[in-house]
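Okay, structure first, notes after.
The values are calculated or read from the model by the stated rules, or taken from the named source; none is laboratory data. Source: prediction; values computed, not measured. Heads up, the Cβs are rebuilt from the backbone with ideal geometry, glycines too, and the neighbour counts pull from every protein chain shown. When the accessible area is computed, the model is the full protein with side chains, heavy atoms only, and any ligands, DNA or RNA have been set aside. Shrake-Rupley method; radii C 1.70, N 1.55, O 1.52, S 1.80 Å.
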Amino acid sequence: MNDSTLLNEFTVFVLAIFIGFEVISKVPTILHTPLMSGTNAIHGIILVGAILIAATARDPLQIALGLVAVILATINVVGGFVVTDRMLEMFKGRPTAKPAEKTPPENPAG
């Protein structure tokens with residue numbers, strides 16, 4: 001890889017950071033949870049890619065890197081779903097106390 005290719009890729013990376021920040025900062029707060037769920041689904045694709053790379057590994061270094069990639073991708077997906085679940089629990093609200101059931105008065109006569 002020569003210097004100009006590296007510079008071009010770095011420029012695209014920096015521009016993607018700025019565009020991503022601007023896009024995410026304009027999203028209303030109520031849409032963060034659905035967007036996070038969608039992002040978790042996309043991260044599932046990363047896990048599939050890590051498994052494919054690990055499956056084609058030939059030497060011990062590649063196998064170790066593939067295993068680390070699968071573990072990190074799994075942690076990312078599971079952690080994302082846990083955080084999304086916690087956020088959805090926040091929107092449910094608190095349970096209200098049930099009113100006491102009225103029992104008919106006992107008949108003293110019998």
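Out of the range 74-89, which residues are open to solvent by 90 Å² or more (accessible area, probe 1.4 Å) and either modelled with pLDDT under 70 or touching a helix residue (DSSP H, G or I) at 6+ places or on another chain (Cβ under 9 Å) (or both)?
F81
Tell me which residues, restricted to the range 60-71, are within 24 Å of F81 (Cα to Cα) and open to solvent by less than 70 Å² (accessible area, probe 1.4 Å).
Answer for the range 60-71, where residues must be within 24 Å of F81 (Cα to Cα) and open to solvent by less than 70 Å² (accessible area, probe 1.4 Å): G66, A69, V70.
Against the condition of a type outside the set (A, V, I, L, M), assigned to a helix (DSSP H, G or I) and open to solvent by less than 60 Å² (accessible area, probe 1.4 Å), how does H32 come out, does it pass?
It is false that H32 is of a type outside the set (A, V, I, L, M), assigned to a helix (DSSP H, G or I) and open to solvent by less than 60 Å² (accessible area, probe 1.4 Å).
If V14 meets every condition in (1) open to solvent by less than 60 Å² (accessible area, probe 1.4 Å); (2) under 27 Å from F81 (Cβ atoms); (3) without any contact (Cβ under 8 Å) to a residue 40 or more places away in the chain apart from one, which number is that one?
For V14, the failing item is (2).
Regarding A57, is this residue among the small types (G, A, S), surrounded by 14 or more Cβ atoms within 10 Å (Cβ to Cβ) and not in a helix (DSSP H, G or I)?
So A57 passes the test.
Need the failing condition index for G93 against (1) within 21 Å of T33 (Cα to Cα); (2) modelled with pLDDT of 85 or more; (3) open to solvent by less than 80 Å² (accessible area, probe 1.4 Å), just the number.
The number of the failed condition is (2).
Quick one: S37 ticks every box in (1) exposed (fewer than 13 other Cβ atoms within 10 Å of the Cβ); (2) under 20 Å from T84 (Cβ atoms); (3) of a type in the set (G, A, S) except a single one, so which number is it?
Only one criterion is unmet by S37, namely (1).
Hey, does the range 46-53 have a residue that's at pLDDT 85 or above, within 15 Å of the chain's Cα centre (by Cα) and surrounded by 13 or more Cβ atoms within 10 Å (Cβ to Cβ)? Step through it out loud before you land on a result.
Let us first name the residues in the range 46-53 that are at pLDDT 85 or above, namely 46-53.
Of the ones still in play, those that are also within 15 Å of the chain's Cα centre (by Cα) are 46-47.
Then drop every residue that is not surrounded by 13 or more Cβ atoms within 10 Å (Cβ to Cβ), which leaves 46-47.
Within the range 46-53 (the criterion being at pLDDT 85 or above, within 15 Å of the chain's Cα centre (by Cα) and surrounded by 13 or more Cβ atoms within 10 Å (Cβ to Cβ)), the answer is yes, since at least one residue qualifies.
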